[in-house]
Each structure stands twice: as structure tokens, then as C-alpha cells.
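Engineer: Please read through the structure below; I'll follow up with questions.
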Amino acid sequence: MPIKSYIAHAITGKKEELMNALRSLDQCEVVPAENQDVLALVTDTRDEKEDEMLKEKIEAISSLKLLSLVSGFNTLQN
């Protein structure tokens with residue numbers, strides 16, 4: 001299962017909107033920065049296909065300015 005962490009940069013003044021949109025996605029955990037328009041985002045999906053679909057949903061959020069992958073981990077299922 002792919003587990004990835006990102007830094008999500010919000011459009012100026014849209015941090016709350018971005019945070020709410022990301023939290024509405026089941027595979028996302030969000031931690032906001034206190035002094036910037038950025039969020040730490042961790043995603044946990046069942047497989048690569050679900051991971052790609054989730055990334056497309058995240059990138060379609062209008063309040064998202066930039067999404068930067070920090071780390072990725074994938075456990076192989078037998």
C-alpha cells in the first residue's frame with residue numbers, strides 16, 4: 001500500500017478551504033502549519049491505481065497552489 005507525504009501550498013488566503021477539501025478525502029490526514037499557508041499531508045491508499053486517482057483529485061482542488069512530494073513508501077502485498 002502506498003503511503004506518501006506531501007507539503008500542500010494553499011493559494012494565499014485559502015488555507016482553511018484547502019484543509020477542508022483535503023480532510024473530506026478518506027485517504028488523507030492533514031496537519032496545518034501555524035504561520036504559513038501550507039499543510040502537511042499524508043496519504044494512505046490500497047494500491048498504485050488508487051494512489052494515482054487520489055493524486056488527481058488533490059491536484060484538482062482549486063485552493064491548491066502547489067503540491068510537493070516529501071516521501072513515499074510502498075509495501076508490497078502478497
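What follows draws every value from the coordinates through simple rules; no lab data is involved. Since we're looking at a predicted model, the values are computed, not measured. Heads up, the Cβs are rebuilt from the backbone with ideal geometry, glycines too, and the neighbour counts pull from every protein chain shown.
Engineer: What distance in nm lies between label points placed 7 Å from Cα along the C-beta direction at L66 and I7?
Structural biologist: Here the modelled spin labels are 0.8 nm apart.
Engineer: Taking only DSSP H segments of four or more residues, each worth -39500 (n - 2.57), what value at 222 nm results for the chain once the sum is divided by all its residues, to the nearest 500 deg cm²/dmol?
Structural biologist: Rounded to the nearest 500, it is -8000 deg cm²/dmol.
Engineer: Ok, one more. Could you point to the label whose value was computed as volume of the Cα convex hull per residue in Å³ for the structure here, given (1) 73; (2) 82; (3) 125?
Structural biologist: It is the one labelled (1).
Engineer: Run the reach check for K49 against lysines, Cα to Cα strictly under 19 Å, same-chain hits fewer than 8 apart removed. What comes back?
Structural biologist: Qualifying lysines at Cα under 19 Å: K4, K57.
Engineer: Shifting gears a bit: Using alpha carbons only, how many degrees (0 to 90, rounded to 10) separate the axis of helix 48-59 from the longest principal axis of the chain?
Structural biologist: 10 degrees
Engineer: Among S71, M19, M1, flag the residue with its Cα farthest along the positive direction of the charge dipole of the chain, charges on Cβ as +1 for Lys/Arg and -1 for Asp/Glu.
Structural biologist: M19
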